[in-house]
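Colleague: Below is a structure I'd like to ask you about.
Each value in this text was obtained by applying a stated rule to the coordinates, not by laboratory testing. Quick caveat: nothing in here was measured; it's all calculated off a predicted structure. In this analysis, Cβ positions are derived from the backbone assuming ideal geometry, glycine residues included, and neighbour counts consider all displayed protein chains.
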Amino acid sequence: MTDNATPLATLLQRAEDYGNSTIELFKLNAIDKSADVASSLVSRLAVLMTVALSLLIINIGLALWLGKLLGDNFYGFFVIGGFYAILAILLHFNRHYWIKTPVSNSIIKQMLKQKNHEEQ
């Protein structure tokens with residue numbers, strides 16, 4: 001700004017600078033929240049995949065063990081399959097309470113979480 005600038009021009013320049021700073025701050029906050037939510041989801045997905053693989057191996061072992069007890073291996077797989085069919089029916093009818101609402105709440109809580117500037 002020069003010394004011969006009018007007060008109105010100075011005011012308009014400061015308003016423009018403020019608007020640009022506000023937009024940049026909004027962009028940075030959006031990027032920060034998106035990165036925070038994405039990293040949280042990826043870490044939870046990694047844990048979920050590990051648990052799923054472990055459960056798969058345990059279920060195969062359990063099915064083979066039950067099949068041995070029942071006389072033939074495929075009986076054990078039928079029992080385990082029936083258990084998961086019942087579980088799938090329960091999940092279907094309670095999916096809003098057990099899955100949708102907690103996941104939605106977790107994402108909203110993560111998006112609205114305020115960072116503590118004292119920790120940085």
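Colleague: How many percent of Cα pairs in the chain exceed 18 Å?
Modeller: I get 75 percent for the Cα pairs in the chain exceeding 18 Å.
Colleague: Same structure, new question: Can you sort LEU64, LEU112 so the residue with the fewest Cβ neighbours within 10 Å comes first?
Modeller: Result, fewest neighbours first: LEU112, LEU64.
Colleague: Moving on. With θ set to phi - 60° and the Karplus curve 6.51 cos²θ - 1.76 cosθ + 1.60, what are the ³J(HN,Hα) couplings of segment 15-27 in order, to the nearest whole Hz, using x for Gly and Pro?
Modeller: Working through the residues one at a time gives 5, 5, 4, 5, x, 5, 5, 5, 5, 5, 5, 4, 4 Hz.
Colleague: So, in Å, what gap is there between the alpha-carbon centers of segment 9-65 and segment 71-94?
Modeller: After rounding, the separation between the Cα centres reads 35 Å.
Colleague: For segment 1-72, just list the percent of Cα-Cα distances falling in each 10 Å bin from zero outward, please.
Modeller: Computed distribution, short to long bins: 16, 17, 14, 13, 12, 9, 7, 6, 4, 1.
Colleague: Counting each pair of different Cα atoms once, what's the Kirkwood radius of segment 32-78 in Å, rounded to one decimal?
Modeller: 12.6
Colleague: Given the DSSP H assignment, sum -39500 (n - 2.57) over each helix run of at least 4 residues in the chain and divide by its residue total; what's the result at 222 nm in deg cm²/dmol, nearest 500?
Modeller: Calculated from helices alone, the mean residue ellipticity at 222 nm is -29500 deg cm²/dmol.
Colleague: Tell me, which longest segment in the chain has none of the trypsin sites (Lys or Arg not before Pro) that fall in DSSP loops with at most 14 further Cβ atoms within 10 Å?
Modeller: It works out to 1-112.
Colleague: Also, I was wondering about something else. In whole percent, what relative contact order does the chain give with Cα contacts below 8 Å and a gap of six or more residues?
Modeller: 19
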